[in-house]
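Please read the structure below before turning to the comments.
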Amino acid sequence: MTIYRHFYVKSHAITTPKINLKDLPGSAGRMDVLARCINSAFWLSYGIRRNVIFHTILHGEPNPPVYIRMEGEKLRKVSPDERSIAIFIKKALERMKEGMEVESTSGIFVSKKSFEELLEENKDKDFYLLDEKGEDIESIEISNKPFFFLGDYKDLEEGEKEILFKYGATPISIGKKSYLSSHCIAIINWILDKRNFD
Ligand SMILES: C[S@@+](CC[C@H](N)C(=O)[O-])C[C@H]1O[C@@H](n2cnc3c(N)ncnc32)[C@H](O)[C@@H]1O
C-alpha cells in the first residue's frame, strides 16, 4: 500500500491571476518561496514523487483564502523551475470558480477553502507542525498517514497552531536553526526516504 506524504505551506502569495512572472518575490507576495516549496515536495532528479500531495492556502490580496492542492500521481507538464510552477498557479487562479472545486490543469485543484475546513477534511491523517522548538524528529515515529504543516517566510499564526493542536498535531523539529521552508520539506522527504515511506 502506498504511503502518501501530505505537505501544507501557508502562503502569503497574491490571489489574482495578474501575476508578474518576473517579480515573484515582490509584487506576487513571495510566490517564489511557495514555488520552491512545491519543487522540494515533488522533484527527484529523474522525475516526480507520485506519493506526494501538496496543499497551500494563498492569503494575499485581493481574494483570500484560495486553496490549491497538487497531487503527484496526476501532475503533468509542470517543470521544476519557479517560473513554470508559477504559471500553473496562475492558471489555477484564472480557472477558479466560486462554490466548487475545479481541476485547473492535470493534478491541480483550486477552490475557496479556509484552514479549518482543510483540517476537518483531513482529520483522518496525523498532523505534524514543523516548529524549531518541537520534539526532535529523530526520536519520533512518524505515522503512515503523515500531514506536515509549515509557514512560508512567516510562521503559522498562534490561532492556526491552536486549531492544529485541537486536531492532535505534534510539533516536530528538524533542528534548532530556522531553515527555509523549502529546505525543511527536502529534509522531511529525505528522512521519510531513509525510513522507506513509499
Ligand atoms: C523560514 S521559516 C519561518 C521564519 C521565521 N520563524 C519567521 O516567522 O520569521 C519557515 C517555516 O519552516 C519551518 N521550520 C524552519 N526551521 C525549522 C526547524 N528547525 N524545525 C522545524 N521546522 C522548521 C517552520 O514551520 C517555519 O514556519
Legend entry - Anisotropy class of region 148-195 from Cα gyration tensor, a/c 1.5 cut: oblate
Legend entry - Rounded, prolate or oblate (a/c below 1.5 giving rounded, otherwise prolate when a/b exceeds b/c) for region 52-104 by Cα gyration tensor: prolate
Legend entry - Tensor-based shape of region 39-198 (alpha-carbon gyration tensor, a/c under 1.5 rounded, otherwise prolate or oblate): oblate
Inset, instruction - Subtracting the Cα-Cα distance from 0.36 nm times the residue separation, let me have the gained length for H183 to E73 in nm, one decimal. - result: 37.4 nm
Legend entry - Table column - 3J(HN,Hα) (Hz), region 63-69, Karplus curve with 6.51, -1.76, 1.60, x for Gly and Pro: 9, x, x, 10, 9, 10, 10
Inset, instruction - Pop a pseudo-label 7 angstrom from the Cα along the beta-carbon direction at both M100 and S45 and give the gap in nm to one decimal. - result: 4.5
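Read-outs throughout are calculated quantities, based only on the coordinates presented, and are distinct from any laboratory measurement. As the structure is a computational prediction, the values presented were derived from the model and not from experiment. Methodologically, a virtual Cβ is constructed for each residue, glycine included, from the backbone with ideal geometry; neighbour enumeration extends over all protein chains shown.
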